[in-house]
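Have a look at the structure below before the remarks.
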Amino acid sequence: MPAPISFKLLTAAILGTLAWSAQAAEYEWTFQTSETAGEPQFEVKKAWAEEVEKQSDGRIQIEILPVNAVVQANQTLQAVSSGILQGHLTDPSYFTGQDPAFGMLGNLVGAWGDPNEFLDYMRNAGGEELYNELVEPYGLHLIGAAATGLEALPSKRPIRTVDDLKGLKLRAPEGMVYNIFEKAGATPVNLPGSEVYTALEKGVIDAADYTVFATNYEQGLYKFAPYPNYPGFHSLPMVAVSLNKDIWDSLPEDLQSMLEKSVDDMADEMVATLKELDQEAVEKVRQDPDIEIIDMSDEERAKFRNIAEEEWAIWAKKNDMTQKVYDSVTAYLKENDLM
């Protein structure tokens, strides 16, 4: 018969384990996202934080918060720089007012036909280095880039051609997206994503540049805008996964390497997850006679791309960094027969 375990020894062991657990996290960070809780992207980002804790053996714990939980979506750059937040996972286009290069790298409208093209550029053609050249003076470091799929475009009226955009009251974020739609003939309206549903319902807008097909479907946008364009022809936003630079610089190399790989893995998972959800939503929508999915022709996509390219060239002249972004991206697109 085994010797009885001393109550004091058992208590000491339990307390020791609890004390180790409480001290195990060397780093505790709060990251804010640009999605509301429950959206597929938000769930992917939460899973990433859990994976980071696992891969770091509990040394890093990250709390993922939804949009506007601490600061407004366009204020996370300053919040991470000042230490109010330790990091964010967000679309850099929100910071176009700080530097137009954020808009060019964050969402170069019309440039990408697939999220994997964009991720290849960021990882292997200098995009991430260029982004860090832009963001590090603000006190942030880009761990890595992720991306959504091509965004859908829910609309109250069919958009089969570029001419169909004329006069369309279209929700679009400030910056390049706004300018290109305006140049194409639409009447852009700058609204936060949280107001898209109500704005479509009340007729404030006719259409919305707002996230991927499946999320639009789950939020009920097609009830008011039954002519979604899919696959999208315009936006493919970057998701910048960034950390306060002082924190990044203080991390040991093993944790830096682990974080970089974890973000690449999360980016691949996000693309795959959103694509699968889009395809499932498309199959459901095709059973609904009141909703028509529109796939714009290659000819019309080319017309929109030409308008976008004109705006890229205009933005390239805004400062030295926008010129660098323009030169870098267009070189990649030409080398890969994408332009």
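The values are calculated or read from the model by the stated rules, or taken from the named source; none is laboratory data. Note that the structure is a prediction, hence the values are computed from the model and not measured. All Cβ positions, even for glycine, are placed from backbone atoms using ideal geometry, and neighbour counts span all protein chains on display. The area values use the complete protein model at the heavy-atom level, side chains included, leaving out ligands, DNA and RNA. Shrake-Rupley method; radii C 1.70, N 1.55, O 1.52, S 1.80 Å.
With respect to the conditions (1) of a type outside the set (Asp, Glu); (2) touching a residue at least 12 places away in the same chain (Cβ under 8 Å); (3) open to solvent by less than 60 Å² (accessible area, probe 1.4 Å), Tyr227 lacks only one, and its number is (3).
Among the candidates Glu63, Glu43, which residue alone is surrounded by fewer than 21 Cβ atoms within 10 Å (Cβ to Cβ), under 15 Å from the mean Cα position of the chain (by Cα) and acidic (Asp, Glu)?
Glu43
Listed by position, the helices (runs of 4 or more DSSP H) enclosed by region 240-339 that each have at least 2 residues that are under 30 Å from Arg59 (Cβ atoms) and modelled with pLDDT of 95 or more are 245-250, 253-285.
Does Ala125 count as surrounded by fewer than 20 Cβ atoms within 10 Å (Cβ to Cβ) and either within 20 Å of Val285 (Cα to Cα) or touching a helix residue (DSSP H, G or I) at 6+ places or on another chain (Cβ under 8 Å) (or both)? The answer is yes for Ala125. Here Pro115, Pro158, Pro100, Pro137 are screened, and the one residue that is free of Cβ contacts under 8 Å to residues at least 24 places away in the same chain and not polar (S, T, N, Q) is Pro137. Selection of first residues in region 53-68 that are within 19 Å of Lys261 (Cα to Cα) and in contact (Cβ under 8 Å) with a residue 12 or more places away in the chain and of second residues that are of a type in the set (Lys, Arg) and open to solvent by less than 20 Å² (accessible area, probe 1.4 Å), restricted to Cβ pairs under 9 Å at least 6 apart or on distinct chains, gives the following pairs, ordered by first then second residue: Ile64/Lys45. Scanning region 139-190 for residues that are in contact with an Asp or Glu (Cβ under 8 Å, 6 or more places away or on another chain), closer than 28 Å to Asp99 by Cα, open to solvent by 10 Å² or more (accessible area, probe 1.4 Å) and not acidic (Asp, Glu) yields Gly139, His141, Gly149, Leu150, Lys169, Arg171, Pro173, Asn179, Lys183, Gly185, Pro188, Asn190.
Within the bounds of region 47-56, is there any residue that is surrounded by fewer than 20 Cβ atoms within 10 Å (Cβ to Cβ), of a type in the set (S, T, N, Q) and either at pLDDT 90 or above or within 30 Å of Phe213 (Cβ to Cβ) (or both)? Looking through region 47-56, at least one residue is surrounded by fewer than 20 Cβ atoms within 10 Å (Cβ to Cβ), of a type in the set (S, T, N, Q) and either at pLDDT 90 or above or within 30 Å of Phe213 (Cβ to Cβ) (or both). For the structure I just gave you, tell me whether Leu130 is within 28 Å of Ala302 (Cβ to Cβ) and open to solvent by 10 Å² or more (accessible area, probe 1.4 Å). In short, yes.
For every residue, the table says whether it meets (1) free of Cβ contacts under 8 Å to residues at least 12 places away in the same chain; (2) under 28 Å from Leu140 (Cα atoms); (3) among the hydroxyl-bearing types (Ser, Thr, Tyr).
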| position | (1), (2), (3) |
| --- | --- |
| Glu201 | no, no, no |
| Val204 | no, no, no |
| Pro237 | no, yes, no |
| Asp249 | no, yes, no |
| Glu260 | no, yes, no |
| Asp264 | no, yes, no |
| Lys275 | no, no, no |
| Pro289 | yes, no, no |
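Annotation: of all residues in region 160-211 being outside any loop (DSSP other than H, G, I, E, B) and aromatic (Phe, Trp, Tyr), the one that is nearest to Lys318 (Cα to Cα) is Tyr178. Within region 68-100, if we keep just the residues that are open to solvent by 10 Å² or more (accessible area, probe 1.4 Å) and of a type in the set (Ser, Thr, Tyr), the residue that is nearest to Ser235 (Cα to Cα) turns out to be Ser93. Condition check for Val135 on (1) touching a Pro at 6+ places or on another chain (Cβ under 7 Å); (2) part of a helix (DSSP H, G or I): one failure, at (1).
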